[in-house]
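What follows is one structure encoded as structure tokens, with my remarks underneath.
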Amino acid sequence: MDKIKLFLVRHFERVLVLIILAAAILGTLFMEDKTLLLNFYFLPVVVASYFLGKRLGVLSAFLSILAIIICAIMFRNHFFPPDQEFRGIFLLSSWGGFLLLTSYAVGSLYEQKERRMDELQKAYIGILEILSKYIESKDGYTKGHSIRVSEYAKGIAIAMELPRHVVENVRVAGLLHDIGKIDISSEVIQKAASLTPQEKDLIDSHSERGGIILAKVGMVLQEVVPIVVAHHRYFERAADSSGEALKAIPLGARIVAVADAFDAITTDRPYRKGKPPWEAVQEIVVQTGHQFDPEVVEAFRRVISSQIEQI
């Protein structure tokens with residue numbers, strides 16, 4: 001049953017087009033006046049063209065025309081009365097032509113919209129990468145950290161079979177999870193010696209600071225903000241409090257937490273050398289159920305194992 005639901009969610013537009021087209025065909029077969037339903041065929045064609053593109057829109061138009069041709073052969077007298085054959089042929093020909101033109105026109109508008117969306121998406125990604133590089137300019141020792149965390153987090157989300165938009169939110173949160181550090185002094189961030197309690201509190205506040213900065217962007221990153229704010233919260237503390245408290249740590253934040261910890265452990269810092277990947281994995285596994293979500297860690301182990309094997 002779950003597989004059927006997942007299939008319907010992923011292919012909703014295609015299923016909708018097929019249902020409308022089937023309804024139109026059945027109506028044509030069983031209604032006495034067949035020509036009344038001709039305009040109803042514009043609905044599946046417009047839906048297919050608008051949501052699925054020109055190619056599938058034109059295909060829907062051809063299927064509609066084919067269905068009507070078959071019905072016309074089966075019920076010739078309904079479509080071509082003996083005294084009005086020429087009128088019936090003209091009616092069906094013009095209807096078929098307008099159906100194809102509609103599918104082509106709406107499909108072309110869809111593709112223009114998709115191209116513009118693609119351009120916006122590229123600009124959006126470019127801005128995010130610029131932001132991530134700006135974040136890293138505060139700390140030369142973490143060069144590439146945000147990009148690596150983003151890739152690890154994306155891999156974990158895919159391994160957990162999360163929906164596409166959730167994977168994208170996790171990836172973006174990985175890029176921007178440390179953006180709050182731009183609001184903190186570089187001297188504190190780059191300090192090699194032990195931090196004072198006040199300095200540690202300042203560093204720890206970067207998650208909340210990041211949330212405030214990203215919230216100013218508005219709707220564009222509204223689903224990313226909670227992930228950035230909560231990516232340093234401990235899984236165990238929330239789980240022990242209540243179910244509602246655990247919900248306060250979004251799944252995306254739990255994913256970024258694991259990805260962030262792994263890269264932090266394996267990266268060289270001024271005060272220590274980075275550890276090898278297998279040792280970093282062991283450290284994360286030890287903290288499973290305490291600092292990290294067990295399901296996320298399990299997915300992370302699958303992802304990182306395949307990467308280590310390729311090295």
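The values are calculated or read from the model by the stated rules, or taken from the named source; none is laboratory data. Predicted model only: the values in this text are computed from it and were never measured. No Cβ is skipped: glycine too gets one built from the backbone with ideal geometry, and neighbour counts run over all protein chains shown.
Residue-wise test of (1) in contact with a His (Cβ under 7 Å, 6 or more places away or on another chain); (2) modelled with pLDDT of 70 or more; (3) within 21 Å of residue 262 (Cβ to Cβ); (4) surrounded by fewer than 17 Cβ atoms within 10 Å (Cβ to Cβ).
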| site | (1), (2), (3), (4) |
| --- | --- |
| 119 | no, yes, no, yes |
| 124 | no, no, no, yes |
| 135 | no, no, yes, no |
| 144 | no, yes, yes, yes |
| 172 | no, yes, yes, no |
Which listed residue is at pLDDT below 90, on the phi < 0 side of the Ramachandran plot and assigned by TED's automatic domain parsing to the domain that holds residue 144, from 276, 294: 276
Residue, modelled with the lowest pLDDT, within the stretch 218-237, restricted to residues that are over 19 Å from the mean Cα position of the chain (by Cα) and closer than 18 Å to residue 170 by Cβ: 235
Counted residues, the stretch 261-295 - those being within 28 Å of residue 166 (Cβ to Cβ) and out of contact with any strand residue (DSSP E or B) (no Cβ under 9 Å at 6 or more places or on another chain): 19
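Every residue, every condition in (1) in a helix (DSSP H, G or I); (2) in contact with a Ser or Thr (Cβ under 6 Å, 6 or more places away or on another chain); (3) modelled with pLDDT of 80 or more, yes or no:
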residue	(1), (2), (3)
166	yes, no, yes
169	yes, no, yes
175	yes, yes, yes
182	yes, no, no
188	yes, no, no
191	no, no, no
198	yes, no, no
203	yes, no, no
208	yes, no, yes
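One line per residue, one yes/no per condition, for (1) surrounded by 14 or more Cβ atoms within 10 Å (Cβ to Cβ); (2) over 22 Å from residue 105 (Cα atoms); (3) modelled with pLDDT under 80:
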{"position": "8", "(1), (2), (3)": "no, yes, yes"}
{"position": "28", "(1), (2), (3)": "yes, yes, yes"}
{"position": "38", "(1), (2), (3)": "yes, no, yes"}
{"position": "49", "(1), (2), (3)": "yes, no, no"}
{"position": "68", "(1), (2), (3)": "yes, no, no"}
{"position": "71", "(1), (2), (3)": "yes, yes, yes"}
Any hit, the stretch 92-106, residues being in a loop (DSSP other than H, G, I, E, B) and out of contact with any Pro (no Cβ under 8 Å at 6 or more places or on another chain): no
Residue check for residue 283: surrounded by fewer than 18 Cβ atoms within 10 Å (Cβ to Cβ) and either under 24 Å from residue 172 (Cα atoms) or modelled with pLDDT of 85 or more (or both): yes
Long-range neighbours under 8 Å by Cβ, at least six apart or interchain, first residue under 22 Å from residue 230 (Cβ atoms) within the stretch 275-300, second assigned to a loop (DSSP other than H, G, I, E, B): 283/275; 290/234; 291/234; 295/160; 296/160; 299/160
Sole exception among (1) of a type outside the set (Ser, Thr, Tyr); (2) modelled with pLDDT of 90 or more; (3) farther than 21 Å from residue 167 by Cβ for residue 258, by number: (3)
